[in-house]
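The values are calculated or read from the model by the stated rules, or taken from the named source; none is laboratory data. Quantities reported herein were computed from a predicted structural model and do not represent experimental measurements. All Cβ positions, even for glycine, are placed from backbone atoms using ideal geometry, and neighbour counts span all protein chains on display. Quick note on the areas: whole protein, heavy atoms, side chains included, nothing else; ligands and nucleic acids left out. Shrake-Rupley method; radii C 1.70, N 1.55, O 1.52, S 1.80 Å.
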Amino acid sequence: MALLAFEEGIDVAEMSGADILCQCLVDQGVEVVFGYPGGAVLPIYDILYNHPKIKHVLVRHEQGATHMAEGYARSTGKPGVVLVTSGPGATNAITGITDALMDSIPMIVITGQVATHLIGSDAFQEADTVGLTRHCTKHNYLVKSPAKLAHVVHEAFHIATSGRPGPVVIDIPKDVQVATAPYSKPEMNAHPSYRPQVKADAAAISTAIEMLAAAERPILYTGGGVINSGPEASALLRELAELTGAPVTSTLMGLGAFPASSPQWLGMLGMHGTYEANMAMNKADLIVCLGARFDDRVTGRLDAFSPNSRKIHVDIDRSSVNKTVEVELPIIADVGSAMADMIAVWKQRGHEANDMTEWTARIDGWRARKCLDYVEDGAEIMPQRAIADLFSATRASGKDVIITTEVGQHQMWAAQHYHFDEPNKWLTSGGLGTMGYGFPAAIGAQIGNPDSLVICVAGDASIQMNIQELGTAIQYRLPVKIFILNNEYMGMVRQWQELTYESRYSNSYSDALPDFVKLAEAYGWTGIRIEGPQELEAGIRQMIETPGPVMVDCRVAKLSNCFPMIPSGAAHTDMLLDPSQVSGTMNDEAKALV
Amino acid sequence: MHIQEETNQRHVLSLTVANEAGILARIAGMFTARGYNIDSLTVADITPDHAISRITIVTNGPPKVIDQIIAQLDRLVPVHKVTDLSENGPYVERELALVKVAGTGEDRIEALRLADVFRAKVVDTTIESFIFEITGPSDKIDTFVGLMGQIGLVEVGRTGVVGLVRGKDPV
Ligand SMILES: Cc1ncc(C[n+]2csc(CCOP(=O)(O)OP(=O)(O)O)c2C)c(N)n1
Ligand SMILES: [Mg+2]
């Protein structure tokens, strides 16, 4: 576009590639960039120096930048932007890029590259960034001319944020940042072959409504797609559930789209989901999958997955349909748009919710198993209790609360015992299961939501994976809270070793842990230690009330395990509800599954 | 424990894609990353402005996997259109091979006789050898190469398959 204007003789000032890039970011409404400088991005950093519109957050490790961008994106609905240098800067970003791909997070990662004439010469800090990131991005670009940069950047934002969102990498050689070209904001001109399907096929919607109206035991199985579709989609989900009377369960990624306080809420499903959610999936006569993807954590053993149900799958990504579970009615569409259509047709046909008395009674029977209950002996803090108290104290504070997690048992306990009523308040690494995600994600969320109470529920092992970001939080005066469920173990690894390898705890003990309180203080944080049940409530209150960043070392029972659990390779109906059901061995087929 | 395998079907996929850097790596890499098979892959640009290429991929897998392959290809940003020629209706597929055969006397005459039957052309010759150029569906080439193997096959170069739907319309 800039070229056109130039050719037509319209007076457009030449700008450097670095300048064009930053102007594009401004034109895209970008307010914050998470980054780390280096030789190959110095021209861009010079433009960012005292930039009037773009705030740069200096991280301590590029992986941190990517997870911050994810946390920012998932809590605000806006794309997260990352800026890193070539070579090690780019390779350090790869874990977060992959995480964003798996969890469908809109993210733009700008990487510096060696000058075009040096590409391929094994130059200093050269890495084949587009090659390395080709399969962990939704799309990526190497930009070889400043005249092409504006088009690429705007297209990249369009691709990252539309359809099934995901990360897009833009690799910019240093000479392209320095060389000049005319710039004027291009018309949005998406890649001609990129055409996500947003609107559902009307006939499919009509069939879906007839299936729903006929169902006696329906269940809505919802996922992260509802969150990605925006807050309207969560509102539509509530309406659809109310109209049809169907109970609702959700994947880990979808928590908050439907209020946990609703009587129709069954809790999370899957490996560590509730008994009632998994049993209802198993016995349903109709599953309506809304923006979820029949992930292996959700289905358990495939040949035993919900054997007698008809299945509808609404997904914006056609490749998610019939990938693991074959469905009767695929609907390729944005889930919010599809639900709006479904609601309209339901009303237009004057359908009433079916009588669910019998279905509800069966569900109540499963609920009565109280699968999330746990035994307390009063001597140690049970990790579930710590989360439950965290939930009630933060709820009572009246603040807008955002919870992030690391990966492990604490993550599952948080999913089970913290209850979400709104979308975009629960940030966790689902698809990739990345330890080291939660703390930087909390920083990103805090930057996007300065007035919210942002808490990272962490494990003693996971928190050490990006602990260096303590410095970032202090530098930008971010009052994030870290709540470590310290069991002195990689608890989830230990739990699997208990289930599979007769409790041979190979390398799962967190030896040589730091003194987290002193560590916090060394960075200028407040450190709090909670040693026993009698300190729990006060400790949590102190964390909430202390201004500025706080790290809590909450010592919990070391050997508790996360239940209920569907062991890998087992069916929904074969849940382990408590430790007494653990045998300590597994056959090779089960051992071979993750 | 043993790993089970499923029975496979051969499919010819025809793609139009944006002719941009890295497109081939993107497609080939998607196949390896997801464990799909490529029996052959051909690519060349097909428009005067060089903006669009046609890629023809011969793959094999169970029907469910073929369906996934198509969906995964279609999801790549630079891919315009994916057509499964094997499912789409009648189509033509052709492959070209150069086949070098060495021999003298009766072998030489037999090689020429077979080449005639298969409508292969001689494109290079010495006193003791030929290079034949043959086009046709892959199985015809397989047969020709197999027969030459009994005479004095030296080596083979094959292009892989290209294909188009029959009739007046584009796919
Ligand atoms: C980067 C990374 N490496 C390894 C793993 C495998 N893993 C999953 S949970 C876990 C242990 C986590 O321990 P901790 O953070 O203390 O949490 P806990 O389970 O004890 O609550 C490990 C090692 C992972 N998920 N991510
Ligand atoms: Mg732990």
Subject >> Estimated FRET transfer efficiency (residue A:370, residue A:162; beta-carbon r; R0 35 Å; 0.05) >> reply: 0.20
**OP:** Quick one: grab the alpha carbon gyration tensor of the range A:228-280, order the square roots of its eigenvalues as a ≥ b ≥ c, and give me rounded if a/c is under 1.5, else prolate or oblate depending on whether a/b is larger than b/c.
**Re:** oblate
Subject >> Which of A:192, A:434, A:106, positive extreme of dipole for chain A (C-beta unit charges) >> reply: A:192
Original post:
Once you average over the residues of A:54-61, how many Cβ atoms of partner chains fall within 10 Å of each Cβ?
Top reply: 0
Subject >> Relative contact order (%) - criterion: Cα under 8 Å, at least six apart; region: chain A >> reply: 14 percent
Original post:
Tell me, how many Å apart are the Cα centres for the range B:48-86 and for the range A:112-189?
Top reply: 25 Å
**OP:** Any chance you could tell me what percent of the C-alpha pair distances in the protein assembly as shown go past 44 Å?
**Re:** 34 percent
Original post:
Taking K and R as +1 and D and E as -1, what net charge do the other residues with C-beta under 15 Å from the C-beta of residue A:35 add up to?
Top reply: -4
Original post:
Where does helix A:62-76 land angle-wise versus the long Cα axis of chain A, in degrees 0 to 90, nearest 10?
Top reply: 70 degrees
Original post:
On the accessible surface of chain A, probed at 1.4 Å, how many percent belong to carbon and sulfur atoms?
Top reply: 51 percent
Original post:
Sorted by mean Cβ packing within 10 Å, highest first, what order do the peptides A:315-326, A:418-429, B:84-95 take?
Top reply: A:418-429, A:315-326, B:84-95
Subject >> Average beta carbon contacts from partner chains per residue of A:191-198, 10 Å cutoff >> reply: 4
**OP:** Quick one: angle between helix A:438-448 and the longest Cα principal axis of chain A, in degrees between 0 and 90, rounded to 10, please.
**Re:** 60 degrees
Subject >> Point-to-point label distance, residue B:20-residue A:352, nm (Cα→Cβ direction, 7 Å offset) >> reply: 5.5 nm
**OP:** For the protein assembly as shown, give the share of DSSP beta bridges that are antiparallel, in percent and rounded to the nearest 5; count only bridges with both residues there.
**Re:** 45 percent
**OP:** Find the relative contact order for the range B:9-87 and round it to a whole percent, using C-alpha pairs within less than 8 Å whose residues are 6+ positions apart.
**Re:** 47 percent
**OP:** Identify, among B:24, B:61, B:51, the residue whose Cα sits farthest towards the positive end of the charge dipole of the range B:9-87, taking +1 on the Cβ of Lys and Arg and -1 on the Cβ of Asp and Glu, with the dipole about the Cα centre.
**Re:** B:61
Original post:
What average count of beta carbons from other chains do you get within 10 Å of the Cβ of residues in A:317-323?
Top reply: 5
**OP:** Quick one: angle between helix A:17-27 and the longest Cα principal axis of chain A, in degrees between 0 and 90, rounded to 10, please.
**Re:** 50 degrees
Subject >> Between the range A:379-420 and the range A:346-377, the alpha-carbon center distance in angstrom >> reply: 24 Å
Subject >> Assigned charges on the beta-carbon of Lys, Arg, Asp, Glu; the range B:9-87 dipole about Cα centre (debye) >> reply: 220 debye
Subject >> Of B:140/B:168; A:481/A:518; A:311/B:81, those spanning more than 20 Å from alpha-carbon to alpha-carbon >> reply: B:140/B:168; A:311/B:81
Original post:
Summing +1 for each Lys or Arg and -1 for each Asp or Glu, what net charge is found among the other residues whose Cβ lies under 10 Å from the Cβ of residue A:113?
Top reply: -2
Original post:
Net charge near residue A:434, counting Lys/Arg +1 and Asp/Glu -1 over other residues with Cβ under 10 Å of its Cβ?
Top reply: -4
**OP:** Evaluate the charge dipole of the range A:117-271 about its Cα centre and quote only its size in Debye, nearest 20, assuming +1 on the Cβ of each Lys and Arg and -1 on the Cβ of each Asp and Glu.
**Re:** 160 debye
Original post:
With +1 on each Lys and Arg Cβ and -1 on each Asp and Glu Cβ, how big is the dipole of the protein assembly as shown about its Cα centre, in debye rounded to the nearest 20?
Top reply: 460 debye
Original post:
Taking the mean number of other Cβ atoms within 10 Å as a proxy for protection, how do you rank B:58-68, A:560-570, A:436-446, B:104-114 from highest to lowest?
Top reply: A:436-446, A:560-570, B:58-68, B:104-114
Original post:
Quick one: accessible area per residue over chain A, 1.4 Å probe, rounded to a whole number of Å²?
Top reply: 38 Å²
**OP:** Could you provide, to the nearest whole Å², the per residue accessible area of the range B:41-107 with probe 1.4 Å?
**Re:** 43 Å²
**OP:** Could you pull out the pairs from A:283/A:591; A:78/B:64; A:55/A:174; A:370/A:558; A:144/A:199 whose alpha carbons sit more than 29 Å apart here?
**Re:** A:78/B:64; A:144/A:199
